[in-house]
Amino acid sequence: MSKSAKTVYACTECGAQSPKWAGQCGDCGAWNSLQETVAAPTAKADSRFGGYAGGADAAVIRNLSDVVAQDTQRIPTGLDELDRVLGGGLVTGSVVLIGGDPGIGKSTLLVQALALLSDRMSALYVSGEESAEQISLRAHRLGLPTQRLRLLTETCVERILALIARDRPRVLVLDSIQTLYTESLQSAPGSVAQVRESAARLVRFAKQTGTSLFLVGHVTKEGALAGPRVLEHMVDTVLYFEGESGSPFRLVRAIKNRFGAVNELGVFAMTDTGLRQVSNPSAIFLSRHEQEVAGSCILVTREGTRPLLVEVQALVDQSPLANPRRVALGLEQNRLSMLLAVMHRHGGIAVFDQDVFLNVVGGVRVTEPAADLPVLLAVLSSLRDRPVPGGLATFGEVGLAGEIRPVPNGQERLLEAAKHGFRRAIVPRANAPKKPIAGLEVVAVSRIGEAIDALG
Ligand code: TYD
Ligand code: MG
């Protein structure tokens, strides 16, 4: 599109358009809601058919059964953990958005993946953030095969599109979408309008040519605004990088995936030679205590299709406050309050004069209710200052009536616990295995009282 492409200012609240920017929308009266957008060319309406006949021959209505679905072609990236979150490999023509805090490892991951892919197909890395020298330096330091990896430093979408239309890479990385700008808009790179329009053009190119596209998006301080969130609906797959700044572990989580399961998790460790895959994550999230400590309990959770052992830690301490603190890291705070109430009402254990702190070791975030029972046991263990016996793993949902409810895939979780040398498991009655599992004593409980008793 040329520079003379028409732009208008559209209200984000009511959609009204105005040729000039104003602080207030003239239609709905909202303040600061006008955003620059590219004016859509209006088709000449045919008034005979309510104005919609114009494009009638462009699309046809079909029976779903007549549509022959082609098998999605998947390319293994060479990084199994990345393939796992993508749903089993990179789909040709798919658009993947990778979001995360600055400095968490997005560029590192993509350079590594692209270098591995470049061996098998034409791959292009477009950077708007780092210079070619910086990227080359990093790739060399990581010991990556760089002979066939191609590089472009450019931020103008029109120029990028012109170049890739000639070069036709099969895999393309754009790092990052916030640095790109299109000449058809006057707003600064990184603004909502620029991010959205630049991404829309690149997505269109990827779909038309069957190029697999990775878009990198920083999560901005302002949160949703101009960050990856405005793009989530445009792309096929959304991956988010998680991890604590102090910890070397980086989790890549699928938030949306049109070609696979969501909540799949890829685990990496940031080392001085780049991101290393962690194929056995249970082993790293379990901190090995020299001696048994009070307030620690092992949870068998599930992330996507894989069971994962993590350590839940609780600290219960006399509170000087009228409203004792309830702090949960990696778990839901409301759920903790609820569990403490259930523990009081159905287990007869009160903590209303105690601060309760809860943490999942290793910066993992657990969102499933299977964490209820381990949380309860960890809190109890800290309150009584009595360690949970070593070699005990547990999972289970706690209901408001004090019942222990089953969770999905109990058998698989128990096998994972046994694989890591756990000898005892406290689980919901309905999750008790039909056949005994070698080396694992399973204690099935159906009420919160039984679980407390089982702890001894
Ligand atoms: P980077 O991939 O540049 O982050 P992003 O693109 O998400 O902003 O990662 C940068 C961080 O990773 C930086 O703080 C240094 C660290 N790092 C290592 O620890 N080891 C390495 O081999 C590399 C390449 C980076
Ligand atoms: Mg980067």
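The values are calculated or read from the model by the stated rules, or taken from the named source; none is laboratory data. Keep in mind that this is a model prediction, so the values were computed, not measured. FYI the Cβ positions are ideal-geometry reconstructions off the backbone, even for glycines, and counts take in every protein chain you see. Note: areas computed on protein heavy atoms with side chains; ligands, DNA, RNA excluded. Shrake-Rupley method; radii C 1.70, N 1.55, O 1.52, S 1.80 Å.
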Trypsin sites (Lys or Arg not before Pro) restricted to segment 406-435 and DSSP loop, no more than 13 other C-beta within 10 Å: LYS434
Test of understanding: extend the Cα→C-beta vector of GLU397 to 7 Å, then name every residue of segment 245-268 with backbone N under 18 Å from that spot. 263
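To the nearest µm²/s, what D does Stokes-Einstein give for segment 74-279 at 25 °C and 0.890 mPa s, using the Kirkwood radius over alpha carbon pairs as Rh?
Working: Rh = 16.8 Å.
For the chosen part, D equals 146 µm²/s.
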Work out how much length ASN263 to ARG166 would gain on full extension: take 0.36 nm times their residue separation and subtract the Cα-Cα distance, in nm to one decimal. 31.2 nm
From the Cα centre of segment 305-335 to that of segment 251-296, the distance in Å is 20
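If you take the beta carbon distance between THR72 and ALA200 as r and set R0 to 22 Å, what does 1/(1 + (r/R0)^6) give as a FRET efficiency, to the nearest 0.05? Before the final figure, lay out the partial values.
Working: r = 23 Å, r/R0 = 1.03.
Efficiency for this residue pair is about 0.45.
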Tail weight of P(r) past 23 Å, computed on alpha-carbon pairs of segment 158-280, percent: 39
Low-density loop cleavage sites - GluC sites (Glu not before Pro) in segment 281-384, where at most 14 other Cβ are within 10 Å (DSSP): GLU290, GLU292
For LYS434 paired with ALA39, estimate the spin-label separation in nm (one decimal), with each label point 7 Å from Cα along the Cα-to-Cβ line. 6.9
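What's the Kirkwood radius of segment 104-179 in Å, using all Cα pairs? Don't skip to the end; give the middle numbers.
Numbers: mean 1/r = 0.0802 Å⁻¹.
That comes to 12.5 Å for segment 104-179.
Given a Förster distance of 30 angstrom, what is the FRET efficiency for GLU412 paired with ARG326, based on the Cβ-Cβ distance and rounded to 0.05?
Values: r = 32 Å, r/R0 = 1.05.
Approximately 0.40, to the nearest 0.05.
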Largest-first principal axis extents, alpha carbons of segment 273-320, Å: 45, 27, 23
Alpha carbon convex hull of segment 336-456, volume per residue in cubic angstrom: 107
Give the list, by residue number, of cysteines in the chain with no other Cys Cβ closer than 4.7 Å, or say none. CYS156, CYS297
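Which value at 222 nm does the chain reach when only helices count, each DSSP H run of 4 or more adding -39,500 (n - 2.57), with the total divided by all residues and rounded to the nearest 500 deg cm²/dmol?
Numbers: 10 runs with 109 residues, N = 456.
The per-residue figure over the chain is -7000 deg cm²/dmol.
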How many lysine pairs in the chain, separated by 8 or more positions in sequence or lying on different chains, have Cα atoms less than 29 Å apart? 16
Once you charge only the Cβ atoms, +1 for Lys and Arg and -1 for Asp and Glu, what is the size of the charge dipole of segment 249-335 about its Cα centre, to the nearest 20 debye? 480
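I'd like the per residue volume of the convex hull spanned by the Cα atoms of the chain, given in cubic angstrom.
Working: hull volume 101.8 nm³, N = 456.
Looking at the chain, the number lands at 223 Å³ per residue.
Using a 10 Å Cβ count of at most 15 others and DSSP loop calls, identify the longest part of the chain lacking such chymotrypsin sites (Phe, Trp or Tyr not before Pro). Display every interim value, and only then the final one.
Details: sites that count: TRP21, TYR52, PHE352.
Longest site-free region, per DSSP loop and neighbour criteria: 53-351.
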Treat every Asp and Glu Cβ in the chain as -1 and every Lys and Arg Cβ as +1, leave all other atoms uncharged, and give the resulting dipole magnitude about the Cα centre to the nearest 20 debye. 900
Tell me the label-point distance for the pair ILE349, ASN32, using the 7 Å Cα-to-Cβ offset, in nm and rounded to one decimal. 4.8
Taking every DSSP beta bridge that has both residues in the chain, what percent is antiparallel when rounded to the nearest 5? 55
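Taking the Cα centre of segment 197-286 as the origin, how large is its charge dipole in debye, to the nearest 20, when only Lys and Arg (+1) and Asp and Glu (-1) carry charge on their Cβ atoms? All intermediate terms of the calculation are to be shown ahead of the outcome.
On the way: 10 positive and 8 negative charges, 58 e Å.
For segment 197-286, the charge dipole is close to 280 debye.
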Label point distance in nm, ARG159-ILE255, each placed 7 Å from Cα along Cα→Cβ: 3.1
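Can you tell me the length gained on complete extension of the stretch ASP385 to ASP80, counting 0.36 nm per residue apart and subtracting the Cα distance? Numbers along the way, then the final one.
Working: separation 305, 0.36 × 305 = 109.80 nm, distance 4.19 nm.
Extra length available between ASP385 and ASP80 comes to 105.6 nm.
For the chain, with every protein chain kept in place, what is the accessible area per residue (1.4 Å probe, Å²)? Could the numbers behind the result be given before it?
Numbers: 22190 Å² over 456 residues.
Counting only protein heavy atoms, the per-residue value for the chain is 49 Å².
For segment 232-383, what is the percent of antiparallel DSSP beta bridges, rounded to the nearest 5? It would help to have the intermediate numbers written out before the result.
Working: 30 of 34 bridges.
Among the beta bridges of segment 232-383, antiparallel pairing accounts for roughly 90 percent.
May I ask you to give the percent of accessible area on the chain that is carbon plus sulfur, with a probe radius of 1.4 Å?
Working: 11430 of 22190 Å².
Within the chain, the accessible surface is 52 percent carbon and sulfur.
Would you calculate the volume per residue, in Å³, of the smallest convex hull containing every Cα atom of segment 100-145?
Once divided by residue count, the hull of segment 100-145 is 77 Å³.
Give me the net charge of HIS346's neighbourhood, meaning all other residues with Cβ under 9 Å from the Cβ of HIS346; Lys, Arg count +1, Asp, Glu -1. Intermediate values should be presented prior to the final figure.
Details: positive: ARG345, ARG447; negative: GLU403.
Neighbourhood net charge equals +1.
Grab the eigenvalues of the alpha-carbon gyration tensor for segment 242-372, scale each by 5, take roots, and send me the semi-axes largest first in whole angstrom.
On the way: eigenvalues 185, 62, 36 Å².
Each semi-axis is the square root of five times an eigenvalue, giving 30, 18, 13 Å.
Please give me, ordered by residue number, the trypsin sites (Lys or Arg not before Pro) of segment 58-156 that lie in loop per DSSP and have at most 14 other Cβ atoms within 10 Å.
On the way: sites: ARG62, ARG74, ARG84, LYS106, ARG120, ARG138, ARG141, ARG148, ARG150; in loops: ARG62, ARG120, ARG148.
Listed in order of number, the matching sites are ARG62, ARG120, ARG148.
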